[in-house]
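Here the structure is laid out as structure tokens; the discussion comes afterwards.
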Amino acid sequence: MNKALKSALIITVIAVLSLLIGFAVALIRGLVGVVMGLLWGYVRQLDFFFTELYNIVDNIPSTIILILASYVMKPGVTTMVIAMCVTGWLGIARFVRNQVLIIRDRDFNRASRCLGTPILRIAMKNILPFMTSVIVTLAAAEIPSYTSYEGFLSYIGMGLKDMSLGKLIE
């Protein structure tokens with residue numbers, strides 16, 4: 001195997017690994033954010049708790065949280081995925097909450113509530129389909145930032161040790 005082909009293969013493997021991390025984080029953050037956002041938008045008793053949690057977490061730079069999580073846990077793929085998921089699901093949840101508040105009080109949802117439809121069914125059948133395209137677009141737009149976080153953490157020595165975009169830059 002010649003040197004150019006070997007280098008191209010290594011770069012391809014590194015790019016695929018970084019993209020897999022980005023897709024995994026987008027999937028987990030999206031699922032957790034949507035579920036928590038639906039709860040936050042529908043259950044009024046949780047509004048104060050989630051609002052204060054969002055205010056606290058949003059004022060801490062996510063890079064600091066990523067570095068601290070990578071420092072506390074053993075560096076690796078799972079550590080990076082967990083650290084990135086911890087920092088970002090609240091933003092998606094807040095977005096979903098705002099959409100739920102807009103869609104929740106429409107006439108067809110009021111009629112469903114008057115007919116005795118359970119709240120979970122209203123959320124899954126009447127509200128979530130209106131937000132699906134926006135949620136998918138939001139998740140897809142954030143994948144490059146997850147890949148750059150992975151490269152940054154690996155570059156400063158707190159991410160992947162062998163195969164990473166950050167190690168490729170060095």
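Values computed for the structure shown
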| quantity | calculated |
| --- | --- |
| Helical segments meeting 24 Å axial Cα length and Kyte-Doolittle -0.5 threshold in the chain (DSSP H) | 3-42, 77-104, 128-155 |
| For Rg/Rh (Cα atoms, Kirkwood Rh), calculated from these coordinates, the label among (i) 0.99; (ii) 0.93; (iii) 1.11 | (iii) |
| Percent of alpha-carbon pairs separated by more than 12 Å within the stretch 56-102 | 64 |
| Whole-number accessible area per residue in Å² for the chain, which is evaluated in the context of all protein chains at 1.4 Å | 59 |
| Apportionment of accessible area to carbon and sulfur, the stretch 17-170, percent (1.4 Å) | 69 |
| Size of charge dipole - the stretch 34-154 - debye, nearest 20, with Cβ of Lys, Arg +1 and Asp, Glu -1, no other charges | 500 |
| Between the stretch 1-23 and the stretch 63-99, the alpha-carbon center distance in angstrom | 25 |
| Rg followed by Dmax, in Å, when the stretch 1-80 is reduced to its Cα trace | 18.8, 64 |
| Inter-centroid distance (Cα atoms) of the stretch 26-54 relative to the stretch 101-168, Å | 11 |
| Set of the stretch 7-41 residues, backbone N closer than 19 Å to the point 7 Å along the Cα-Cβ line of residue 57 | 22-41 |
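The values are calculated or read from the model by the stated rules, or taken from the named source; none is laboratory data. A quick note: this is a predicted structure, and the numbers were derived from the prediction, not measured. Positions of Cβ are generated from backbone atoms using ideal geometry, with glycine treated the same way; all protein chains shown enter the neighbour counts. For accessibility, only protein heavy atoms count, side chains too; no ligands or nucleic acids. Shrake-Rupley method; radii C 1.70, N 1.55, O 1.52, S 1.80 Å.
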